[in-house]
Amino acid sequence: MRADEIYIVRTGIETNFSKTFLLAASIIQDFDKPLIIAVTAGEENVVFCRLYDAVTKVRLRREWDKDADWASIIHDIQTRLGGVSSTTPSTPKLSVVPQPVHPQDLRIKNIRTLLDYPLDLVKEWLQFQNASNPSQLDISKIDSLVKTMCLAWASDKCEYPNHAESSYQKEVIDAVASGADELAAISAWMQELQTTKAGAV
């Protein structure tokens with residue numbers, strides 16, 4: 001964001017700060033206009049976000065909705081941000097500096113999402129490793145986390161636990177070692193176990 005220096009706002013997608021930011025940002029039509037992003041304290045360790053028009057100082061607000069369709073709101077905002085194009089280069093009044101995502105953090109996020117594995121369990125696992133992000137750990141530990149998530153998903157898909165582990169070794173680890181995309185390999189492995197389970201019923 002453009003300010004007296006570069007600032008990067010880091011916040012989890014499930015936080016009240018993110019959700020109140022998204023609700024307010026969802027009513028903005030023109031992201032070329034400067035904004036003021038303010039942090040407002042809530043109870044205990046909770047913080048909320050408030051957006052203001054930087055010129056008029058008018059607060060941009062939308063009523064709180066805990067059941068809002070966050071994915072649609074994010075998509076709409078991204079569309080409006082991406083849809084702004086100009087043939088003449090100009091200095092934007094509001095520029096967003098994307099926080100580079102470490103490949104290991106992205107890897108775990110994508111696999112966790114694919115498996116629908118609880119985020120809290122990943123955080124708990126990281127705490128046991130004295131880490132807050134996967135990128136802080138050795139690759140072997142990350143491989144171990146991926147295997148843990150996959151086998152947890154497969155726990156009710158196989159009659160014998162060693163079947164899930166042996167098929168994971170063959171269909172995922174060996175496939176990736178041979179050059180296959182990890183997400184694609186895990187997805188194919190999941191389909192195979194589901195098909196096998198359906199056939200056994």
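The values are calculated or read from the model by the stated rules, or taken from the named source; none is laboratory data. Remember, it's a predicted structure, so these values are computed and weren't measured experimentally. Glycine also receives a Cβ, built like all others from the backbone with ideal geometry; neighbour counts cover every protein chain displayed. With ligands, DNA and RNA removed, areas are computed over all heavy atoms of the protein, side chains included. Shrake-Rupley method; radii C 1.70, N 1.55, O 1.52, S 1.80 Å.
Quick look at the numbers
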quantity: Among residues of segment 174-188, those that are surrounded by 12 or more Cβ atoms within 10 Å (Cβ to Cβ) and more than 18 Å from Pro103 (Cα to Cα), counted; calculated: 4
quantity: Members of segment 121-154 found to be of a type in the set (Val, Ile, Thr) and loosely packed, with under 15 Cβ neighbours inside 10 Å, listed by number; calculated: Ile139, Thr148
quantity: Criterion violated by Arg50 - all others in (1) modelled with pLDDT of 85 or more; (2) within 20 Å of the chain's Cα centre (by Cα); (3) not aliphatic (A, V, I, L, M) satisfied; calculated: (2)
quantity: Single unsatisfied condition, Pro118 versus (1) at pLDDT 85 or above; (2) surrounded by 14 or more Cβ atoms within 10 Å (Cβ to Cβ); calculated: (2)
quantity: Residue in segment 3-26 that is within 17 Å of Ile77 (Cβ to Cβ) and in a strand (DSSP E or B) present; calculated: no
quantity: Lone unmet requirement of (1) touching a Leu at 6+ places or on another chain (Cβ under 7 Å); (2) outside any helix (DSSP H, G or I); (3) farther than 30 Å from Leu35 by Cβ; (4) of a type in the set (S, T, N, Q) for Asn110; calculated: (2)
quantity: Residue ranges of helices (runs of 4 or more DSSP H) in segment 128-201 with at least 2 members within 23 Å of the chain's Cα centre (by Cα); calculated: 139-154, 182-200
quantity: Residues (small (Gly, Ala, Ser) and either open to solvent by 60 Å² or more (accessible area, probe 1.4 Å) or in contact with an Asp or Glu (Cβ under 8 Å, 6 or more places away or on another chain) (or both)) located in segment 28-64; calculated: Ala41
quantity: Failed item in (1) open to solvent by less than 60 Å² (accessible area, probe 1.4 Å); (2) charged (D, E, K, R); (3) at pLDDT below 90, with Glu192 passing the rest; calculated: (1)
quantity: Filter result (open to solvent by 80 Å² or more (accessible area, probe 1.4 Å) and outside any helix (DSSP H, G or I)) within segment 65-81; calculated: Lys66, Asp67, Asp69
quantity: Cβ-Cβ under 7 Å pairs, at least 6 apart or on other chains, segment 169-198 side in contact (Cβ under 8 Å) with a residue 40 or more places away in the chain, far side of a type in the set (Val, Ile, Thr); calculated: Glu182/Val176; Leu183/Ile111; Ile186/Ile111; Ile186/Val172
